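The values are calculated or read from the model by the stated rules, or taken from the named source; none is laboratory data. Computed from a predicted structure; not experimentally measured. Cβ: placed from backbone, ideal geometry, glycine included. Neighbour counts: every protein chain shown. The protein model used for the area step is the full one, side chains on, heavy atoms only, and it has no ligands, DNA or RNA in it. Shrake-Rupley method; radii C 1.70, N 1.55, O 1.52, S 1.80 Å.
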Amino acid sequence: MSYLEVTNLKKIYTTRLSGNKTQALTNVCFTVEQGEFVAIMGESGSGKTTLLNLVAALDKSTEGSIILDGMDLSSIGEAQRATFRRDNLGFVFQEFNLLDTFTVEDNILLPLVLQGKKASDLHEEAVKAAACLGITDLLSKYPYEISGGQKQRAAVARALITHPKMILADEPTGALDSKSSDELLNQFVSINGGGQTILMVTHSVKAASRASRVLFIKDGTIFHQLYKGDASDTAFYQKISDTLTMLTTGGEK
Amino acid sequence: MNLYPKLAANAIRSNRQLYFPFILMSSGIIGVLYIMAALSTSDTVKACRGGHTLMTVLDYSIYIVAFFALLFMFFTNSFVLKRRTKELGLYNILGMNKRNLAGVMAFETLIMYVSSYIIGSVFGILFCKLAEAGLLKLAKGENHTGFTVSGHALKLCALIFLGIFFLIFLNSVRVVSFANPAQMFKSENLGEKPPRANFFLGLLGVAAIIFAYHKVLSMDIMMQEKLLANFAEAVIPVIAGTFLLFIAGSVLLCKILQKNKKYYYNKKHFVAVSNMAFRMKRSGAGLATISILTTMVLIMLSSTVAFYSQIESVMISDFPRENVFIGTYGFFDDSKRITLADADKRTTGIAAKAEGTDVVSYAKLNFVANGKNGEYNITGKRERYDSLEEGDCVFSLIPLDSYNRITGQSVKLADDEAIISSVSKNGYYADFLRFNDSKTYKTKTVDFDLFSQGRHYLNSFLVVMNDVSSYEQYASGITCFIMFNGDLSTEQMRVFGKETYAELKSDEVEGENPYRLGFESTTRQTSETQYSSVYSGLIFMGVMLTILFMGATILLMYYRQVFEGHEDYGKYQILRNVGMSRKDIKSTVDSLTFVTFLSPVLVAIAHTSVAMYFVHQFMVIQGMYGTLLLIATSAVVSIIFTLIYFIFYKLTSRTYLKIVGQ
Ligand SMILES: Nc1ncnc2c1ncn2[C@@H]1O[C@H](COP(=O)(O)OP(=O)(O)OP(=O)(O)O)[C@@H](O)[C@H]1O
Ligand SMILES: [Mg+2]
């Protein structure tokens with residue numbers, strides 16, 4: 001059985017005031033094996049964030065099922081879901097989602113504190129996580145004092161600190177320069193090598209080329225997918241690039 | 001321009017979460033004010049005994065209420081305004097100039113004024129009769145008129161609130177005209193800086209409160225003229241200290257808690273503490289205000305209720321007989337003196353003509369002496385005219401004959417013996433008495449109630465000895481008492497009073513003023529009515545102000561929850577995404593609730609307890625000794641208030657939870 005199984009997933013947003021409906025996902029099916037590094041690509045508004053949110057059970061689907069690690073998250077209680085998310089998933093949000101009232105260090109430590117880790121070990125953990133992402137100097141600063149890219153790295157550190165089984169990252173390199181994003185991706189590849197599963201949304205072909213598989217999403221469905229196989233990063237880059245071109249031109253028909 | 005009213009009505013409708021409570025509160029205040037104004041001119045109230053005094057108290061209260069109304073409405077409106085600035089900023093960016101904005105706001109204010117006035121008046125008219133019945137019950141008056149509407153009250157409310165709303169409008173215009181659109185647009189989401197803990201201010205706050213507490217607790221009741229002034233001097237440091245405590249002290253506390261890793265990095269405290277460190281600085285002022293309002297309510301209600309319920313006992317001890325006539329000869333340098341024997345003779349002479357039962361009459365010699373534990377130095381001060389200082393006591397001397405006559409006993413005393421009664425509850429603790437280092441008397445202490453006319457002076461002692469004539473030279477005055485039971489008509493009282501006065505001045509020579517003679521005649525009944533009407537007026541005002549303060553406190557609480565809910569929405573969203581369950585979040589909110597709910601109430605209770613010491617002193621001066629009663633009243637009032645407050649806190653915090661998406 002796969003680590004993640006998504007079948008016939010459908011999501012319709014209804015705005016509360018006007019009652020307008022937006023179909024974000026029409027029919028999504030895919031599976032992810034344990035230890036895979038999957039990138040998701042697609043145009044803006046194609047439903048990528050929606051998909052990640054559903055996988056992490058942050059939102060309810062309209063139809064379809066998601067089985068994660070053998071469990072149907074929608075069938076268990078809210079408290080258990082929160083615990084599962086905390087213990088097994090690391091989420092890097094598109095909007096970083098750092099808390100203004102915490103220092104960078106405390107933001108990074110938040111999941112550990114929620115897990116009830118001993119206070120004495122915490123500082124060390126924070127320093128270790130920050131060192132991997134090159135933000136050690138920023139630990140005592142508040143979010144309003146640091147740049148967007150630095151916030152993004154802090155958010156990544158927060159997602160990685162619990163060593164989660166699966167990392168869900170929504171454009172983790174969106175605010176980074178090419179050097180920092182290379183470093184971040186190296187980090188992802190290395191933890192992926194250690195067995196952690198990664199699901200990453202990205203607009204960057206270069207970032208996607210580091211993954212082992214790329215899913216293309218369009219108008220709320222999985223349109224196409226590419227396996228890296230034994231191809232080199234450069235070869236895979238070319239392949240992805242071609243597919244994207246085909247996607248856009250094909251879309252216009 | 002036709003657009004203004006439309007935009008204004010629209011704004012109120014779409015911000016009803018803010019405006020409806022505000023309109024409700026101003027309606028409430030208008031209702032309360034209407035009731036007070038209507039009662040202050042009501043014929044029924046006028047008709048009851050002491051009605052005139054009652055109406056005066058009510059009349060004053062109207063202005064107090066109006067003043068607080070102005071404060072509350074300004075304060076709450078600033079909340080509303082803060083949330084509105086963004087919308088107004090948008091209008092501004094979309095091309096409305098400041099004049100247009102003022103136009104919209106003028107209509108908004110007008111709508112609020114008119115609707116509050118209509119709702120408030122209806123509310124006032126409906127509840128007026130009920131309030132009147134309550135007041136009359138307190139003042140022991142009779143209720144006979146039917147349902148009425150007071151034009152005077154309607155007019156007064158309309159005018160006062162026109163003024164208040166106009167000021168609010170001016171303030172809104174001021175706020176909007178000083179902000180630039182970008183600022184207005186952003187005003188809700190300014191980047192948050194962590195507040196710095198200001199040790200100095202935090203400590204200053206604590207110091208101010210300690211100073212004020214010390215001032216109140218070390219008050220000397222002897223200095224009764226200074227008592228109120230002293231209390232007033234303590235009020236400002238307490239208010240300032242409370243604000244500093246909540247604004248700076250709480251941030252300081254959070255910082256200290258954050259330093260304690262073990263405490264801080266705990267699931268239960270982590271989010272709550274860091275949230276509070278940010279929050280307190282801004283909401284500190286709100287909490288301090290709630291705390292002060294609560295203190296006012298607690299003090300006002302407990303003291304008026306305690307005072308009111310003691311009137312009767314005071315009257316009995318103040319008026320051992322129903323009718324009392326008191327003449328006081330004051331000895332100034334230029335005044336003619338009279339001997340105690342002479343005064344006593346005149347007093348008993350006129351008392352013989354009194355038409356009543358249980359007639360008591362006597363004359364006593366008064367002087368002020370300074371000292372303690374049996375050793376006193378006569379100061380030559382006049383008890384009524386010179387201010388007393390620490391250690392000053394008022395002594396009244398009575399010859400043994402008079403004592404035996406009044407009490408119907410035949411006590412015998414040796415020449416170096418004296419009987420002492422302390423009129424105050426301070427008691428006399430020495431077993432001897434000596435004035436000016438001369439003769440020493442052995443003393444025994446006795447309680448006799450018939451002489452309790454000394455409630456104005458706390459350290460006053462009544463001394464009985466065989467021969468008081470050697471102290472006549474020191475006397476600052478002589479007081480003559482005639483008291484008896486019996487129903488006297490007002491006319492009889494007047495006639496007998498006139499006769500008594502004439503008798504006391506009997507050696508008057510034409511064209512000369514022989515004595516400085518003060519004279520008063522009262523009956524227990526008149527005095528009691530006087531007191532109950534004053535205190536029932538005060539209780540009534542207390543209840544009205546309590547309703548008002550409570551309303552204001554609740555509204556403030558509500559606005560805080562709405563505000564903080566909107567502010568925290570994103571925060572809790574993030575926390576949920578990171579893996580906090582609803583339950584965790586709820587327990588965080590609850591622990592925040594616990595602190596923010598409890599802290600103002602606890603501080604208020606501390607303030608109240610200290611203030612009760614002052615109230616107690618004040619009560620003792622009034623001749624009321626119900627210490628237990630006072631403690632019980634304030635405890636009950638505190639508990640009831642805390643309960644009501646708690647219920648409303650729970651209700652409003654539900655709004656908060658709803659907003660943050662729980
Ligand atoms: N809370 C919401 N309510 C209503 N509609 C929404 C909501 N969130 C997203 N949508 C709509 O659903 C669609 C998919 O949105 P989604 O955020 O998943 O896009 P995305 O692929 O992440 O885009 P981007 O690359 O810009 O982040 C969009 O059309 C969006 O307008
Ligand atoms: Mg997205």
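Data table
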{"read-out": "All-pairs Cα distance distribution in the stretch A:1-124, expressed in whole percent, bin size 5 Å", "value": "2, 9, 16, 19, 19, 15, 12, 6, 2, 1, 0"}
{"read-out": "Nearest-ten-degree value, helix A:148-160 long axis tilted from longest Cα axis of chain A", "value": "90 degrees"}
{"read-out": "Kyte-Doolittle at least 1.6, axis length at least 18 Å by Cα - qualifying DSSP helices, chain B", "value": "B:151-178, B:199-217"}
{"read-out": "Degrees between helix A:119-133 axis and first principal axis of chain A (Cα, 0 to 90, nearest 10)", "value": "50 degrees"}
{"read-out": "Compactness of the stretch B:617-662 - radius of gyration and Dmax, Cα, Å", "value": "18.6, 58"}
{"read-out": "√(5λ) per eigenvalue of the Cα gyration tensor, the stretch B:541-649, largest first, Å", "value": "39, 15, 10"}
{"read-out": "FRET efficiency, B:E390 to B:I236 (Cβ-Cβ, R0 22 Å, nearest 0.05)", "value": "0.35"}
{"read-out": "Inter-label distance for B:F178 and A:N8, nm, one decimal - labels placed 7 Å from Cα along Cα-to-Cβ", "value": "6.4 nm"}
{"read-out": "Top of A:M200, A:M71, A:M41 by mean-square fluctuation, Gaussian network on chain A, Cα under 10 Å", "value": "A:M71"}
{"read-out": "Equivalent-ellipsoid semi-axes of the stretch B:1-84, from the Cα gyration tensor, Å, largest first", "value": "37, 14, 9"}
{"read-out": "From the C-alpha gyration tensor of the stretch B:499-597, square roots of 5λ in Å", "value": "72, 13, 11"}
{"read-out": "Relative contact order, percent, the stretch A:1-120 [alpha-carbon distance under 8 Å, six or more residues apart]", "value": "25 percent"}
{"read-out": "The protein assembly as shown - percent of accessible surface contributed by carbon and sulfur, probe 1.4 Å", "value": "58 percent"}
{"read-out": "Protein-protein interface of the stretch B:559-594, residues with accessible area decrease of at least 40 Å², isolated chain reference, 1.4 Å probe", "value": "B:K571, B:I574, B:N577, B:V578, B:G579, B:S581"}
{"read-out": "Distant alpha-carbon pairs in the stretch B:79-181 (separation over 22 angstrom), percent", "value": "50 percent"}
{"read-out": "For chain B, average projected area of the Cα convex hull in nm²", "value": "38.0 nm²"}
{"read-out": "Over chain A, volume per residue of the alpha carbon convex hull, in Å³", "value": "145 Å³"}
{"read-out": "Antiparallel DSSP beta bridges within chain B, percent to nearest 5", "value": "75 percent"}
{"read-out": "Alpha carbon convex hull of the protein assembly as shown, projected area averaged over orientations, nm²", "value": "51.9 nm²"}
{"read-out": "Beta bridges per DSSP with both ends in the protein assembly as shown, % antiparallel, nearest 5", "value": "65 percent"}
{"read-out": "Inter-label distance for B:S609 and B:L110, nm, one decimal - labels placed 7 Å from Cα along Cα-to-Cβ", "value": "5.4 nm"}
{"read-out": "R0 of 45 Å, Cβ-Cβ distance B:I210-B:K583: FRET efficiency to nearest 0.05", "value": "0.65"}
{"read-out": "B:D415 paired with A:C29, simple spin-label distance in nm, labels 7 Å along Cα-to-beta-carbon", "value": "12.8 nm"}
{"read-out": "Chain B, relative contact order in percent, only Cα pairs under 8 angstrom and at least six apart counted", "value": "19 percent"}
{"read-out": "Extension gain from B:D358 to B:S78, taking 0.36 nm per residue of separation minus the Cα-Cα distance", "value": "94.2 nm"}
{"read-out": "For the stretch A:98-188: span of alpha carbons on each principal axis (Å, largest first)", "value": "37, 31, 20"}
{"read-out": "Surface per residue (accessible, 1.4 Å probe) for chain B, Å²", "value": "45 Å²"}
{"read-out": "Within the stretch B:458-486: backbone nitrogen closer than 13 Å to the B:N377 label point (7 Å, Cα to C-beta)", "value": "none"}
{"read-out": "Efficiency of FRET between B:K658 and B:K336 - r from beta-carbon atoms, R0 51 angstrom, step 0.05", "value": "0.05"}
{"read-out": "Trypsin sites (Lys or Arg not before Pro) restricted to DSSP loop in the stretch A:18-75 with at most 11 other C-beta within 10 Å", "value": "A:K60"}
{"read-out": "For the pair B and A, total buried accessible area rounded to nearest 100 Å², probe 1.4 Å", "value": "2400 Å²"}
{"read-out": "Rg and Dmax [Cα atoms of the stretch A:33-86; Å; Rg one decimal, Dmax integer]", "value": "12.3, 34"}
{"read-out": "Solvent-accessible ranking of B:F319, B:F618, largest area first, probe 1.4 Å", "value": "B:F618, B:F319"}
